[in-house]
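Student: Can you keep this structure in mind? I'll have questions shortly.
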Amino acid sequence: MSGAHATQHPRLQHHFDNLDQQFEASALGMWLFLVTEILFFGGLFTAYMIYRLAYPQAFAEASHELDVVLGGVNTAVLISSSLTMAMAVWAAQMGKRSSQLLFLGLTILLGLAFLGVKAVEYAAKFEHHLVPGPDFRFEGARDPVHAQLFFSLYFVMTGLHALHMVIGIGLMAVLFVMAARGRFTKAYHTPVEVSGLYWHFVDIVWIFLFPLLYLIDRHGPVH
Amino acid sequence: MAPQVDALYFFLVALTAFFTLLISGLVVYFAVRYRRRSTDEAGAAIHGNLRLEIAWTVIPLVIVLFIFGWSAKLFFTMARPPADSLDVYVVGKQWMWKFQHPDGHAEVNELHVPVGTSVKLTMTSQDVIHDVYIPDFRVKADVLPGRYTHLWFKATKPGRYRLFCAEYCGTNHSGMVGWVVVQERAEYQQWLAGGAGTGTMAQTGEKLFKDLACATCHQADTTGRGPTLIGLYGKAVTLDDGRTVEADEAYLRESIVNPRAKMVSGFQPIMPTFQGLISEEGLLQLLEYIKSLKAAPSNATGVPAAAAATPEKK
Amino acid sequence: MDTAATPHSNYLTDGYGLKSWLLTRDHKRIGLLYLLSVSAFFVLGAVFAGLIRLELMTPAGDLVESDVYNKIFTMHGVIMVFFFLIPAIPAVLGNFLLPIMIGAKDLAFPRLNLLSWYIYTVGGVFTLWALVNGGVDTGWTFYTPYSSAFSNSNVALVVVGIFINGFSSILTGLNFIVTVHKMRAPGMTWFRMPLFVWAHYATALIFVLGTPVIAITLVMVAAERLLHLGIFDPKLGGDPVLFQHLFWFYSHPAVYIMILPAMGVMSELVAAFSRKRIFGYEFVAFSSLAIAVVGFLVWGHHMFVSSQSVYAAMAFSLLSYLVAIPSAIKVFNWAATLFKGSISFEAPMIYVFGFIGLFLIGGLTGLFLAALAVDVHVTDTYFVVAHFHYIMVGGTIMMYLGGIHYWWPKIFGKLYHQGMARVSAVVIFIGFNLTFFPQFIVGYLGMPRRYHAYPPEFQLWNILSSAGAVILAIGYAMPTFYLIYSLVKGKPAPANPWGAKGLEWETSSPPPTHNFEAAPVVTEPPYNYAK
């Protein structure tokens, strides 16, 4: 067995027969992990759905307090970051080091921009006393009790999403360093592909969060 | 109902005993009959048998569907209190039970009921989830904060029957016990005549209605700033978002503690919330009062008599 | 069958010292790390069980204060469910055997496997910290609003501990699924895999799909407790019953996490000690998958009296009956395997017989609980307590011990005293029945669960149950002695002491670090005993 090591790729782990098997295992592993993430966020989406069906107006009214422009900007930012991420994966597959660094760097910047906008939004909520707790005050709300429930869900859902963004940016930073060291070649670029899957997933969660939280009843006047 | 529940229960006991003995017996028999007789012996080359698989899939399936049907039918009856049930209102709190009879009798941890009469408990909790369990009647239902739940029973024999809290609720969960005292009609009448001390629940509710100035907006006709409550209980109500809901107990309770959650179409959102200002007992008394406001002007409650049920506003 | 003694080096001798164990990537060593942790938690959980039974010998609450009792049964449940029953068979036996059984050198992600153990340990430490700091008194089910707004105990700490521990489950499940898909040896088709692997695959599906839901539910409880968010608090517009739905959506499948691996062990033991292929192999394999899938659809049967609608209750009742069928199919197939088998009665087989009897009773009493009208009477009473202990203790723990006794020679390369092992199995069986059968009766008679003090008419059954617990404790203690003795003084085990089929028996006892001297190529069907 040891004689074969000389011709084996340094990244091939001992319990795998070849790099293809190793890559497929890693990809399947990441897909499974993303399934767990769907179920994880799913609990929150379920709670949201049940309460929104029960109290549609309170939710609509509370939703209108969110800044659609900032939310929309963030959506655009994240979608762009998924593009740059896909480009980073391509660059990894092509073994193009400088492109890898460019696209990973852009992805990180866009991710940070997203978090920055979120921070601005959160700060505004604090200022306007829309954070659930003893300080919560929603002037003119017709149903402040369930409006507060909306905001509870808003903070937990976007907070959890933001936490995933932070982890994602951390992953990108690690990838950036690895890319700088020339680790990703045509033969081996699994970490980039697999992290790309994660990044796209976090993007997709936002694609669901945005309309559900920001766009309730925006098409017409509030009843 | 209890004997019917027991019938199903003991059928299941017999079923369990039968299959346990059958299969264990078979296993023991095979173990003895086919015990290894020489060191290198191996078992027969048997792969399986499709007919057997189908048989022991279909037969258990039929049996369980039978049990399902039987128990579902029984459960349906258990979940539907007869229309002419005697109402009793229950408020559970850590760690005691408060019972209110519509005639005003209030009891703590003990509930007097007449034999041979359906009794319907309408229950809520002041704090955490509790549960009313009367083993001898084979009834049980969770008691929730912020909601009303129900159970009903009809006692067939006079006596004292244990009542337990059956949903863990903290320190003194096992102390939250009581008795259901089932009396012969005559005895029960005597107990009732002993006097409640206060007026009926509806009367106490009416007093609350006045004290809290509800009548300011809720008038006998449609001219008030709020919808009329005459004949409201059980009616279909149209909300301002187009939904139609039934004005049941849950709706009425919610409308008092969080009026803006469901707004009746055609009215302004000006009703203040009474959350924390009225106890659960008080809410139940108001409920009884509102229930008593029938469309026909036959009750002398002081509210100006209404000619007919209010037409729905759109 | 009886090959030469241990080769020169195996996974146990391949590196000594703490670092070689604490930084190992070998799935076999990780299995042993879990064995240690899981055993420690079992002892702790059992001590709490002992205290419960001691208190319940008398109707009055005279051993400990109410609050203390409430904390004792809560910690008994939390520790046994999350830190023993859920990991035991998968993390100890599954980790050790799964790669070997399919001819692989390790799991797909060995480092993640080690991380799983560390995460489990960290979660356990949080929970122990909560225990030491005053405990938790909500019951292992953490119903709101008691847990989120009323309890004065360390709810957040324990909930965080369980949350962390959940990732251990998720990563193990993920590892198992990828391993089975991607790392089977040449010739190891799906239908040549041992049923133990099928069972663990199905279990892994539940790990991956169910655990995240309890995770987020506990996050919401912690958020409510620490940040006063009102998701489950009616005063803040929330719904306490929503918690129950989210909680049981995981916790029901969790019980299948506990029993499916036990069923996997059962298949291996029945085949080995009848020297016969499992009757209806494909049916047993698919039943495992069916249980995993349908098991996700029945959670509402824990909530028949919770105020859910009659129609929801009926749907859950019907589905609960359907989920019973695949389990029944398995029992019939195991029984049929004995027909014309060649049956021997070593210790693992005694556990098999015990399992059949106890799982039958446990499973059939499940039918009582699925029956709506009957459940109204017996839910939240000792009837339910008896039912789930028959399955979890009479089922899972019997098979955990059965598996330990079957694979002990393989794992440690030592043989233990058969006579003592058989006696222990019988003692456990007797002690178990005496402990838990009276609980069916006292539950039907109306004794609610989680009661610190109870009416005197229930005392007789409680005394019987507590007496049984003493015998059960003795039964559990016995293996500790002869098993540890075997490590020190036991005869060396041959590669295949039982004459069984399966790739694990084709390598040495204990196996080499890379599991096989030469990568296996599979050409035979599974359980190919017949001559």
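Student: Pick out, from C:Pro492, C:Leu85, C:Ser306, the residue whose Cα sits farthest towards the positive end of the charge dipole of the stretch C:27-505, with +1 on the Cβ of Lys and Arg and -1 on the Cβ of Asp and Glu.
Tutor: Of the listed residues, the answer is C:Pro492.
Student: Using only the C-alpha atoms of the stretch C:44-166, find the volume of their convex hull and express it per residue in Å³.
Tutor: With only Cα atoms used, the stretch C:44-166 gives 114 Å³ per residue.
Student: Kindly express, to the nearest 10 degrees and within the range 0 to 90, the angle between helix C:110-132's C-alpha long axis and the longest C-alpha principal axis of chain C.
Tutor: Helix C:110-132 and the main axis of chain C meet at about 30 degrees.
Student: Give the Debye-formula value of log10 I(q)/I(0) at each listed q (0.20, 0.24 Å⁻¹), with one equal scatterer per alpha carbon of the stretch A:34-127, two decimals each.
Tutor: -1.07, -1.14
Student: Normalised by the residues of the stretch B:201-292, what does the relative contact order come to in percent, with Cα pairs under 8 Å and at least six apart? All intermediate terms of the calculation are to be shown ahead of the outcome.
Tutor: Values: 122 pairs, mean separation 35.0, N = 92.
This gives 38 percent for the stretch B:201-292.
Student: Label points 7 Å out from Cα along the Cβ direction at A:Asp17 and C:Val132: separation in nm?
Tutor: 4.9
Student: Right, something else. Give the Kirkwood hydrodynamic radius (Å, one decimal) of the stretch C:346-436, defined as one over the mean of 1/r across all pairs of different Cα atoms.
Tutor: Values: mean 1/r = 0.0711 Å⁻¹.
Final number for the Kirkwood radius of the stretch C:346-436 is 14.1 Å.
Student: Normalised radius of gyration for the stretch B:132-280, please: alpha carbon Rg relative to 2.2 N^0.38 Å, two decimal places.
Tutor: Numbers: Rg = 19.8 Å, N = 149, 2.2 N^0.38 = 14.7 Å.
Normalised Cα radius of gyration, the stretch B:132-280: 1.34.
Student: Rg/Rh for chain C to two decimals, with Rh computed the Kirkwood way over all alpha-carbon pairs.
Tutor: 0.96
Student: Oh, and also: Could you tell me how many degrees, from 0 to 90 and to the nearest 10, lie between the Cα long axis of helix C:418-444 and the main elongation axis, the longest principal axis, of the Cα atoms of chain C?
Tutor: Around 20 degrees separate the two axes.
Student: Something else about it: How many square angstrom of accessible surface are buried between B and C, both sides summed, with a 1.4 Å probe and rounding to 100?
Tutor: Details: alone 18400 and 20830 Å², together 31900 Å².
That pair hides around 7300 Å² of surface in total.
Student: Sticking with this one: Sum up the charges of everything whose Cβ sits under 10 Å from the Cβ of B:Val88, counting Lys and Arg as +1 and Asp and Glu as -1, but leave B:Val88 out.
Tutor: That sum, taken over residues with Cβ under 10 Å, equals -1.
Student: May I ask you to list the aspartates and glutamates whose Cα is less than 19 Å away from that of B:Lys98, ignoring any residue fewer than eight positions away on the same chain?
Tutor: Within the straight-line limit of under 19 Å, B:Lys98 reaches these aspartates and glutamates: B:Asp87, B:Glu107, B:Glu110, B:Asp127, B:Asp131, B:Asp142, B:Glu167, B:Glu249, B:Glu280, B:Glu281, B:Glu288.
Student: So how tilted is helix C:398-412 from the main axis of chain C? Cα-based, degrees 0 to 90, rounded to 10.
Tutor: It works out to around 30 degrees.
Student: Pairs of Cα atoms under 8 Å, at least six residues apart: use those to get the relative contact order of the stretch A:1-145, whole percent.
Tutor: Computed value for the stretch A:1-145: 17 percent relative contact order.
Student: Quick one: with all protein chains in place, what share of the accessible area of chain B is carbon or sulfur, to the nearest percent (1.4 Å probe)?
Tutor: Values: 8670 of 14280 Å².
Answer for chain B: carbon and sulfur cover 61 percent of the accessible area.
Student: Moving on to the next point. Tell me, what is the Rg over Rh of chain B, with Rh the Kirkwood radius over Cα pairs?
Tutor: 1.17
Student: Quantify how strongly other chains surround peptide A:49-62 by giving the mean number of their Cβ atoms within 10 Å of each of its Cβ atoms.
Tutor: For peptide A:49-62, the averaged partner shielding equals 2.
Student: Can you pull the percent of chain C's accessible area that's carbon plus sulfur, 1.4 Å probe, other chains left in place?
Tutor: In chain C, the share of accessible area belonging to carbon and sulfur is 72 percent.
Student: In straight Cα distance, which aspartates and glutamates are under 14 Å from C:Lys182, not counting same-chain residues fewer than 8 positions off?
Tutor: A:Asp17, A:Asp20, A:Glu24, C:Asp106
Student: Taking each residue in C:281-293, count the Cβ atoms of any other chain within 10 Å of its Cβ, then average. What number comes out?
Tutor: Neighbouring Cβ atoms belonging to other protein chains average 1 per residue here.
Student: Tell me the net charge near C:Asp375. Cut-off is 15 Å between Cβ atoms, C:Asp375 excluded, with +1 for each Lys or Arg and -1 for each Asp or Glu.
Tutor: Result for the neighbourhood of C:Asp375: -1.
Student: I've got another one for you. Over chain A, give the accessible area per residue in Å² for a 1.4 Å probe, as an integer.
Tutor: Accessible surface, normalised per residue, equals 44 Å².
Student: Taking every alpha carbon pair in the stretch B:86-193, what does the distance histogram look like in 5 angstrom bins from 0, in percent?
Tutor: Final binned percentages: 3, 14, 24, 28, 17, 9, 4, 1.
Student: Looking at this model, which pairs from C:Lys105/C:Lys330; C:Lys340/C:Lys531; B:Lys93/B:Lys140; C:Lys501/C:Lys531; A:Lys96/A:Lys186 are more than 19 angstrom apart at the alpha-carbon?
Tutor: Violating the 19 Å Cα-Cα cut-off are C:Lys105/C:Lys330.
Student: For the peptides C:151-160, B:245-254, what is the packing order when you average, over each peptide's residues, the other Cβ atoms within 10 Å and list the highest mean first?
Tutor: C:151-160, B:245-254
Student: Which one of B:Gly175, B:Thr222, B:Ala193 has its Cα pushed farthest toward the positive end of the charge dipole of the stretch B:172-234, where Lys and Arg give +1 and Asp and Glu give -1 at the Cβ?
Tutor: Farthest towards the positive end: B:Thr222.
Student: Within 10 Å of each Cβ in C:69-77, how many Cβ atoms from other chains are there, averaged over the peptide?
Tutor: Whole-number average of other-chain Cβ neighbours for C:69-77 is 1.
Student: Something else about it: Using amide H atoms built in the peptide plane, which far-off residues or other-chain residues are under 5 Å from B:Trp179 H to H?
Tutor: B:Glu110, B:Leu111, B:Leu163
Student: Tell me what chain A gives for mean residue ellipticity at 222 nm when only DSSP H runs of n ≥ 4 count, each as -39,500 (n - 2.57), the sum divided by the residue total, rounded to 500 deg cm²/dmol.
Tutor: -26500 deg cm²/dmol
Student: Now, a different point. What whole-number distance in Å separates the alpha-carbon centres of the stretch A:88-157 and the stretch C:299-365?
Tutor: So the two Cα centres are separated by 47 Å.
Student: Report the relative contact order of chain B, percent, no decimals, based on alpha-carbon pairs under 8 angstrom and at least 6 residues apart.
Tutor: Once divided by the residue count of chain B, the mean separation gives 14 percent.
Student: Sticking with this structure for a sec: Could you work out the helix-only [θ] at 222 nm for chain B, with each DSSP H run of four or more residues adding -39,500 (n - 2.57) and the total divided by the number of residues, to the nearest 500 deg cm²/dmol?
Tutor: Per the formula, -11000 deg cm²/dmol.
Student: Ratio of alpha-carbon Rg to the 2.2 N^0.38 Å globular estimate for the stretch A:21-214, to two decimals, please.
Tutor: 1.17
Student: Bin width 10 Å, alpha-carbon pairs only: give the P(r) of the stretch C:386-531 as whole percents, running from 0 to the bin holding the largest distance.
Tutor: Histogram of Cα-Cα distances, whole percents per bin: 10, 29, 25, 18, 12, 6, 1.
Student: Indicate the helices, whole DSSP H runs only, in chain B that combine a mean Kyte-Doolittle hydropathy of 0.5 or more with a Cα extent along their long axis of 20 angstrom or more.
Tutor: Values: long enough: B:2-33 (45 Å, 1.66); B:50-78 (41 Å, 1.67).
Those that pass (Cα extent of 20 Å or more, hydropathy at least 0.5) are B:2-33, B:50-78.
Student: Follow-up. Can you give me the accessible area per residue for chain C, using a 1.4 Å probe, in Å²?
Tutor: 30
Student: Translational diffusion coefficient, Stokes-Einstein: compute it for the protein assembly as shown using the Kirkwood radius over C-alpha pairs as Rh, at 10 °C and 1.306 mPa s, and state it as an integer in µm² s⁻¹.
Tutor: In µm²/s, the coefficient rounds to 50.
Student: Towards the positive end of the charge dipole of the stretch B:1-120, with charges on Cβ (+1 Lys, Arg; -1 Asp, Glu), say which of B:Gln4, B:Ser71, B:Phe99 has the farthest Cα.
Tutor: The listed residue farthest towards the positive side: B:Ser71.
Student: If you place +1 on the Cβ of every Lys and Arg and -1 on the Cβ of every Asp and Glu, how big does the dipole about the Cα centre of chain B come out, in debye to the nearest 20? Can you show the working numbers first?
Tutor: Working: 30 positive and 29 negative charges, 147 e Å.
The calculation lands at about 700 debye.
Student: Report, in order of residue number, the helices in chain A meeting two criteria: a C-alpha extent of 20 Å or more along the helix axis, and a mean Kyte-Doolittle hydropathy of at least 0.0; treat each whole DSSP H run as one helix.
Tutor: On the way: long enough: A:19-54 (52 Å, 1.00); A:68-94 (39 Å, 1.45); A:97-127 (45 Å, 1.01); A:144-180 (52 Å, 1.67); A:190-214 (36 Å, 1.19).
TM-like helix candidates: A:19-54, A:68-94, A:97-127, A:144-180, A:190-214.
The values are calculated or read from the model by the stated rules, or taken from the named source; none is laboratory data. This is a predicted model, so every value here is computed, not measured. Every residue, glycine among them, receives a Cβ derived from its backbone with ideal geometry; neighbour counts consider all protein chains shown. Ligands, DNA and RNA are excluded from the accessible area calculation, which covers all protein heavy atoms including side chains. Shrake-Rupley method; radii C 1.70, N 1.55, O 1.52, S 1.80 Å.
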